[in-house]
Amino acid sequence: MGATTPGPLAGITVLELGVFMAGPFATMQLADLGARVIKIENPEGGDQTRSTAPHVNGESAPFMLLNRNKESITLDLKTVLGREAFMRLAEKADVVVENMRPGVMKRLGVDYESVRERNPTIIYASASGWGQDGPLAPLAGLDIMAQARSGLMSITGYPDGAPVKVGVPICDLTTALYVALAITAAVVERSRSGEGQHIDISLLESGVSYAVWEAAAYFVEGKVGRPNGSAHQNQAPYQAVVTKDGYATIGANTARNWQSLCRALGLDGLLDDARFQTSRDRLDNRVELIELIEAKTTTMTTDEVIDLLNEVGVPCAPISDYGEVFTDDHLEARDFFWDSEHPVAGTIRQIGSPMRFSRTPARRGPAGPVLGADNDELESLGFSEAELRTLRSQA
């Protein structure tokens, strides 16, 4: 499914000057949706992710997942001919995506203003740690720094514990999704105005954008959020609880679910307990409440808790490790994981796209390309044979 049907972005050409996560994950979304994505890489090793383990026949597995459905052209942008080749590609493109430190693209002569002179309708998206301007803009900014400065690490973990980051590079990945969304919106707007534009998205602001509960508490009451382990900021019971053999997550955050939880666990007495009458009461007395709930759940296995609560409609789930996730029956039934092909590594299992379309499904094409796999494309750019020989020697 999705390998032969044109996706919703079919006909859109994207040039990617991306490394690691934010840029490549953004363009992966666009490629999944049918855009043609040409990854422009340094001839000397390409995207640094190519060196990330594990490797299959010398090819990086993370790279092949992150860069599926893309093409690869190697260009040395520090040379006049390499820059000109990029510009000729950009003249034919709809979108450029880059996630270098601010200033790098300008020094190379392939920044938004330079590209716009050659293609006035270009949509040019820049992802960076701190944004294209402001006092932090020149500084290096990786995901963990953005998680730290955005406040995410201040509310992740347990009270009085050491700072903890989110387990995945959440600021990188969120930035990428904002980039993909902004590009899609800009493409739609261009269809009305006929004009391109520059998009500036930072890891910092992407991280801060998650703080809906924390912003409401601070802007209204002046309260600063703190870490609560797995517990929700404003609702209880809504967290992981201990079972006989592990943990289960529960979310009895409505009156109906609260009543169903108490009755299912034989805690009917809590329904008349003054400490737990309202949602606010349950939040204020969360420590005592969870102790009473866990007095019951610790006598049951995780499966028993999940089965019991599912029977009465209380939201719940086990805490799965990735070995369980990647073999999950539900995900398998929904055909979420799929196999891509690579000319060197062979068959590579892929994580599916969460975006499901009834008519134009996400593309399921090849794994991330071999470095320079599509350099023959340069022959269509009008260079002389001598210039092509030079470009090939640089690659």
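A few remarks follow.
- Taking a sphere under 13 Å around the Cβ of residue 132 and counting the other residues whose Cβ falls inside, with K and R at +1 and D and E at -1, yields a net charge of -4.
- Distance between the C-alpha centres of region 93-145 and region 320-395: 25 Å, rounded to the whole angstrom.
- Both numbers refer to the Cα atoms of the chain; Rg and Dmax are 25.2, 87 Å.
- Sparse-neighbour loop sites [trypsin sites (Lys or Arg not before Pro); region 26-124; at most 13 other C-beta within 10 Å; DSSP]: 78
- Rolling a 1.4 angstrom probe over region 48-101 with all protein chains present gives an accessible area of which 53% lies on carbon and sulfur atoms.
- Net charge over other residues, Cβ less than 13 angstrom from the Cβ of residue 99 (K, R count +1; D, E count -1): -4
- In straight-distance terms, cross-link reach from residue 223 covers every one of the lysines whose alpha-carbon lies under 28 Å from its own, apart from those fewer than eight places away in the same chain; here that gives 165.
- Think of it as helices only: each DSSP H run of n ≥ 4 in the chain is worth -39500 (n - 2.57), and spread over all residues that comes to -10500 deg cm²/dmol at 222 nm.
- Rounded to the nearest 20, the size of the Cβ-charge dipole of region 70-208 about its Cα centre is 220 debye, with Lys and Arg at +1 and Asp and Glu at -1.
- Note on the chain: GNM, Cα springs under 10 Å; of 264, 125, 146, the largest mean-square fluctuation is that of 264.
- Note on region 115-272: with charges restricted to the Cβ of Lys and Arg (+1) and Asp and Glu (-1), its dipole about the Cα centre is near 200 debye.
- Its alpha carbons give region 161-263 an Rg and a Dmax of 19.8, 62 Å.
- Within straight-line reach of residue 296, meaning a Cα separation under 20 Å, sit the following aspartates and glutamates at least 8 residues removed in sequence or on another chain: 245, 268, 272, 273, 288, 304, 307, 311.
- Accessible area expressed per residue, region 87-239, with surrounding protein chains retained (probe 1.4 Å, Å²): 51 Å²
- Under 18 Å from the Cα of residue 92 - lysines, other chains or at least 8 residues apart: 39, 70
- Other residues lying with their Cβ under 15 Å from the Cβ of residue 78 contribute a combined charge of -2, Lys and Arg counting +1, Asp and Glu -1.
- Debye, to nearest 20: dipole size of the chain, +1 on Lys, Arg Cβ, -1 on Asp, Glu Cβ: 720 debye
- In the elastic network of the chain, a GNM with C-alpha springs shorter than 10 Å, the most mobile of 141, 382, 46 is 382.
- Largest mean-square fluctuation among 136, 173, 378, in a Gaussian network model of the chain whose springs join Cα atoms under 10 Å apart, belongs to 136.
- Mean Kyte hydropathy of -1.0 or more with a Cα span along the axis of at least 30 Å, helices from DSSP in the chain: 170-193
- The chain - share of DSSP beta bridges that are antiparallel (%, nearest 5): 40 percent
- Heavy-atom accessible area for residue 87, with the other protein chains in place and a 1.4 Å probe, reaches approximately 20 Å².
- Between the listed residues 289, 308, 330, the Cα displaced farthest toward the positive end of the dipole of region 244-342, a dipole computed from Cβ unit charges relative to the Cα centre, is found at 289.
- Of the residues 64, 300, the one with the largest accessible area comes first in the ranking 300, 64, computed with a 1.4 Å probe on protein heavy atoms.
The values are calculated or read from the model by the stated rules, or taken from the named source; none is laboratory data. Quick caveat: nothing in here was measured; it's all calculated off a predicted structure. Cβ sites come from the backbone with ideal geometry, for glycine too, and all protein chains shown count toward neighbours. Ligands, DNA and RNA are stripped out before the accessible areas are found, and what is left, the full protein with its side chains, is counted by its heavy atoms. Shrake-Rupley method; radii C 1.70, N 1.55, O 1.52, S 1.80 Å.
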